[in-house]
1. Report the full-extension gain for the segment Ser181 to Thr299: residue separation times 0.36 nm, less the Cα-Cα distance, to one decimal in nm.
2. Please work out how much length the chain gains when fully extended from Gln38 to Leu277, using 0.36 nm per residue of separation minus the C-alpha to C-alpha distance, in nm with one decimal.
3. As a test of the formula, what do you get for the chain when each DSSP H run with n ≥ 4 contributes -39,500 (n - 2.57) and the sum is divided by the residue count, at 222 nm and rounded to the nearest 500 deg cm²/dmol?
4. Enter the per residue convex hull volume of the chain, computed from alpha-carbon coordinates, in Å³ rounded to the nearest integer.
5. Given a Förster radius of 35 Å and the C-beta distance between Glu208 and Lys157 as r, what FRET efficiency does 1/(1 + (r/R0)^6) yield to the nearest 0.05?
6. Could you work out the Rg to Rh ratio of segment 112-228, with Rh taken as the Kirkwood radius (inverse of the mean 1/r over all Cα pairs)?
7. Any idea what the dipole of segment 168-327 comes to, in debye rounded to 20, about its Cα centre with Lys/Arg Cβ at +1 and Asp/Glu Cβ at -1?
8. Averaging over all projection directions, find the projected area of the Cα convex hull of segment 32-151 and quote it in nm² with one decimal place.
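Coordinate-derived values only; no laboratory data. What you see is a predicted model; the values in this text were computed from it and never measured. Cβ placement follows ideal geometry from the backbone for every residue including glycine, while neighbour counts extend to all protein chains displayed.
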Amino acid sequence: MRQSFREKRREETTPRPSDSRTSSVQNIQCLGFPNPGQICYINSCLQSLLTLEDFVRAISYQEHLWNLIPEAALMRSFMDIKRSHLSDDAHLKISLLAAFKNTIWSPEFQDLQQKDAHELLTSVLEQMRWLSPMLQAIADSMGKSYSCPVEDHMVLKMVSTRTCKGCGLGSTREELFTTLSLDIPGGRSVGQMLQDYLTEKEVEYNCECGTTTSGQLLSFLTLPRVLVLHLKRFRFTPPVELRKIHDPVIILRELVVSSNQDIGCYNLVSTINHIGLTGEDGHYICDGVDRDVGEEDPTDRWFSYNDTEVTETSGDSVCDERKYTSYILFYRRQSDRHCDMH
């Protein structure tokens, strides 16, 4: 009988009673991705996305639709990589990674240089979203429905309220985001940085009353299933230098986030980290929770993915060791019955 994906993965990643820790680590090496040259930023983004099982499942579930159009080559390539995740065939993985890179429309990723992982992640998610109207039209013609995996899992809606400092005239608009970019004041926690993001800020705005400043306030209108936080570790300084901010960030295992409609509790499930002194060099690695560990499972088993090198770790270790290098954080929303508001 053919093994299911989960059965095969559990067999390869769970040590048998007679296995040593060294043996179990060797068994998980097949989960790594080769890096034939300057694609660690791609490998890290893919490993984080593959950690999001519900998101991956949502893409796979609608394969009968996106497989009909050539424009969905990115989704096909992503699923090919997912299905080969357990393979120990390095040549196969190299070819699949090259194919994935070639399906990304943004031309900036087509050369052989190191790129920014957040920019790649944003491009991939936006490319998947762009396909939605086309796939919805195909689904309608077949009497079926289509639901965009990115919209369902990562997109959050925010309300921006601007109020004139002079006359008090206000205006609101809704904005959609797939990631939130947070400033890094050293030594603060992710929760505090998120609160800073939501605090009213003074902005330049020419009101009819003659006042040139307004207060701008952001609030969540809806909460996503996966909250993706981008930590702004890179900053341009005159004339064109890209400076890296090495300040520590207190990474929280759990976040409680409020919207205008409800409250969501989130667990950290993956991190993308930049190791290096500047924005022009360095190396990306990913940490991700073991996908076989559910909300009911007390096991704190994580993997660190450094291209082909995969090591076992824990969520607590990740939070402690990535304070200075964390760049993108993925938080998955818990079910309401696991949400502790206190």
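1. Values: separation 118, 0.36 × 118 = 42.48 nm, distance 3.05 nm.
Gain in length upon complete extension: 39.4 nm.
2. 84.4 nm
3. The helix-only estimate for the chain comes to -9500 deg cm²/dmol at 222 nm.
4. Roughly 186 Å³ of hull volume per residue.
5. It comes out at approximately 0.75.
6. Working: Rg = 18.7 Å, Rh = 17.2 Å.
Value, to two decimals: 1.09.
7. Numbers: 14 positive and 27 negative charges, 99 e Å.
Charge dipole of segment 168-327: 480 debye, to the nearest 20.
8. Across all orientations, segment 32-151 yields a mean hull projection of 7.1 nm².
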